[in-house]
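Rule-based calculations on the coordinates, nothing more; no lab input. Since the structure is predicted, the reported quantities are computational estimates derived from the model, not experimental observations. Using ideal geometry, Cβ is built from the backbone for each residue, glycine included, and neighbour counts are taken over all protein chains shown.
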Amino acid sequence: MNFLSLLSNWKDLSAIWSVIHPFVLKLLQKKVPASVTRLYENIAKVHEPLINSLHKLKNKIKETPNQLDDECFNIGVSTLEAYNIYLTEEIKKLKE
């Protein structure tokens, strides 16, 4: 394939892209927000069982305190706090 045929193909592709570009943008604008929303909903679903489990453990500790449950609870809460700090810092960076 020589340079002129590549240039000709590029011109054809550019012309085709200029025609379909608005349709591709509209499709992306329609589909991407829903996909991103689903992604964030899935992230929340992952954390929900952890938080629910910590609430149950907290109630169990109130009824029947023991050192092992208390230790597990403290580790879980500390892990959530550390993750929250990490997310807060990343959000700050993204907003800069």
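One entry in (i) -0.32, -0.66, -1.23, -1.34; (ii) -0.52, -0.82, -1.14, -1.20; (iii) -0.68, -0.92, -1.14, -1.17 is log10 I(q)/I(0) by the Debye sum over Cα atoms at q = 0.12, 0.17, 0.23, 0.24 Å⁻¹ calculated from the shown coordinates; its label is (iii). In this calculation the C-beta distance from Lys56 to Ser78 is compared with R0 = 25 Å, giving a FRET efficiency of 0.90. Inter-part distance, the stretch 72-96 to the stretch 12-66, computed on C-alpha centroids, equals 18 Å.
In degrees between 0 and 90, to the nearest 10, how far off the longest principal axis of the chain does helix 67-95 point, with axes built from Cα atoms? Helix 67-95 sits at roughly 30 degrees to that axis. Estimated at 0.36 nm per residue, the fully extended path between Lys31 and Asn66 surpasses their Cα-Cα distance by 7.6 nm. Against the chain, whose longest principal axis is taken from its Cα atoms, helix 3-63 shows a tilt of about 10°. With the crude spin-label approximation of a point 7 Å out along Cα→Cβ, what separation in nm comes out for Ile43 versus Trp17? Result for the modelled spin labels: 3.1 nm. For the residue pairs Lys45/Lys92; Lys62/Lys93; Lys31/Lys95; Lys31/Lys92; Lys62/Lys95; Lys60/Lys95, the alpha carbons lie more than 29 Å apart in Lys62/Lys93; Lys62/Lys95; Lys60/Lys95.
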